[in-house]
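Accompanying notes for the structure given below.
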Amino acid sequence: MSDPQIGRRALLRGAGGLAALAAVPSLAACGTGTSRASSGSAKGGGKTVIVRDSGGAYGQALQKAIYTPFTQETGINVEVTNIQGTQMLAQIKQGRPQFDLINNSMKELVKYANQDGLEKLDRDRIKSLTGAQIPGSQITEYAVAHSFYAQCMAYRTDAFGGRKPKSWADFWDTKAFKGSRSLCNPDADLPELEFALLADGVPMDKLYPLDVDRAFKVLSRLRSDIKKFWDSGPLPGVLLSRQEVTMTTIWHGRLADLTQQNVPVAAQLNGARRQFSGFSIPKGAAHMDTAYQLLDYALRPEVQAAVAKVYPSNPSSPVAYDKLSEKERSSLAGAPQYYDKGFDADINWWIKNEAAVSKRWLEWARG
């Protein structure tokens, strides 16, 4: 077994040294500049809204599916900033946020709210909420979820003589399902305690509060079979492609790349962990009215579906899936046939316990 890689960021997180407002992996910030995303027309009267998102391929997808159509419909200019978390909070505390709408993980938005950084949302100004039917658990006083990503199991379909793993218990069963495994490093995502507990028979609806001691005992049973801890999105696919592992945890959206390359892999979504991203309005936003207009537009089911067509994002609106083709729908972890097989990460539990759990994880991984 090769030595699992344990990165500096994981060490800092385990020691409580990460910036409190770091973004989740799928929305990692990549700069601090602001750019004009689309130009307005006379219809909008020269109005503007500045939205924070992470840029990159994700930002390009939002440009195509949300910002450009929004400007075409309303005439309101959309400008984009990919400013990072601590700078965002500093601007809010100074009363001069240089952005009007925040797109980030719900976990980070809860942190902002706890630090008095967000406006309480006026739901009457978000007309699309009713039609979108977003789960109540994903709507808070300060934020509304627009999408989620799922962390699940991926396996080589040619590894087990036609047998298919059906649960996390199978992931832990290296006698029946032979081969090395990979789990994620806290550099990449939250430690995967929930999967260990599910493998040990804890019901999905009884996971929280997590029994940390029990989870680490279960993790230790698999420790000698872990080839490597993945610390970036592409690495699980690389490990599967090279046949270094037969099973790994993975962000579900990464499976599409592998199947397009004809790698014999499949996902098992039983016990998948969902983490949501959402929108909030920073306290003191300069363009409050246009922020609400863009927020209302972006949450429409048809707009959430449009994003899913160009980016591996799972809409928070169940209605959005009806606006996708069967092929498009079946490729998403949020599709009706998969949704009830997974669970939502308890972000409040993780906010309180992430630093301590990550520190313990580092000690466990180093043996």
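The values are calculated or read from the model by the stated rules, or taken from the named source; none is laboratory data. The shown structure was predicted, so the numbers you read here are calculated from the model rather than taken from an experiment. In this analysis, Cβ positions are derived from the backbone assuming ideal geometry, glycine residues included, and neighbour counts consider all displayed protein chains. The area values use the complete protein model at the heavy-atom level, side chains included, leaving out ligands, DNA and RNA. Shrake-Rupley method; radii C 1.70, N 1.55, O 1.52, S 1.80 Å.
Using θ = phi - 60° in the Karplus curve 6.51 cos²θ - 1.76 cosθ + 1.60, the 3J(HN,Hα) couplings for the stretch 293-307 round to 5, 5, 4, 4, 5, 5, 8, 4, x, 5, 6, 4, 5, 4, 5 Hz; x is entered for Gly and Pro. Rounded to whole numbers, the Karplus 3J(HN,Hα) couplings from phi for the stretch 102-110 are 10, 10, 7, 5, 4, 4, 5, 5, 4 Hz, using 6.51 cos²θ - 1.76 cosθ + 1.60 with θ = phi - 60°, and x at Gly and Pro.
What angle do you read, to the nearest 10 degrees and between 0 and 90, between the alpha-carbon axis of helix 347-365 and the longest principal axis of the chain? Helix 347-365 sits roughly 40 degrees off the main axis of the chain.
Each Lys or Arg adds one and each Asp or Glu subtracts one; over the other residues with Cβ under 12 Å from the Cβ of Asn103, this totals -2. With θ taken as phi - 60° and the Karplus curve 6.51 cos²θ - 1.76 cosθ + 1.60 applied, the whole-hertz 3J(HN,Hα) list for the stretch 266-278 is 8, 9, 10, 9, 5, x, 5, 9, 9, 10, 9, 10, x Hz, x standing for glycine and proline.
For GluC sites (Glu not before Pro), the sites in the stretch 137-203 that DSSP calls loop and that have at most 13 other Cβ atoms within 10 Å are Glu141.
Here the spin labels are modelled as points 7 Å beyond Cα on the Cα-Cβ line, and at Gln115 and Ala176 they lie 4.6 nm apart. Loop-resident trypsin sites (Lys or Arg not before Pro) (DSSP state other than H, G, I, E or B) in the stretch 176-284 with no more than 16 further Cβ atoms inside 10 Å of their Cβ: Lys178, Arg242.
Using a probe of 1.4 Å, the accessible surface attributed to Val110 totals some 30 Å² when neighbouring protein chains are kept in position. With all protein chains in place and a 1.4 Å probe, the accessible surface of the chain carries 47 percent carbon and sulfur. Our helix-only sum for the chain, with -39,500 (n - 2.57) per DSSP H run of n ≥ 4 divided by its residues, gives a mean residue ellipticity at 222 nm of -9500 deg cm²/dmol. With the convex hull of its Cα atoms as the shape, the chain has an orientation-averaged projected area of 17.6 nm².
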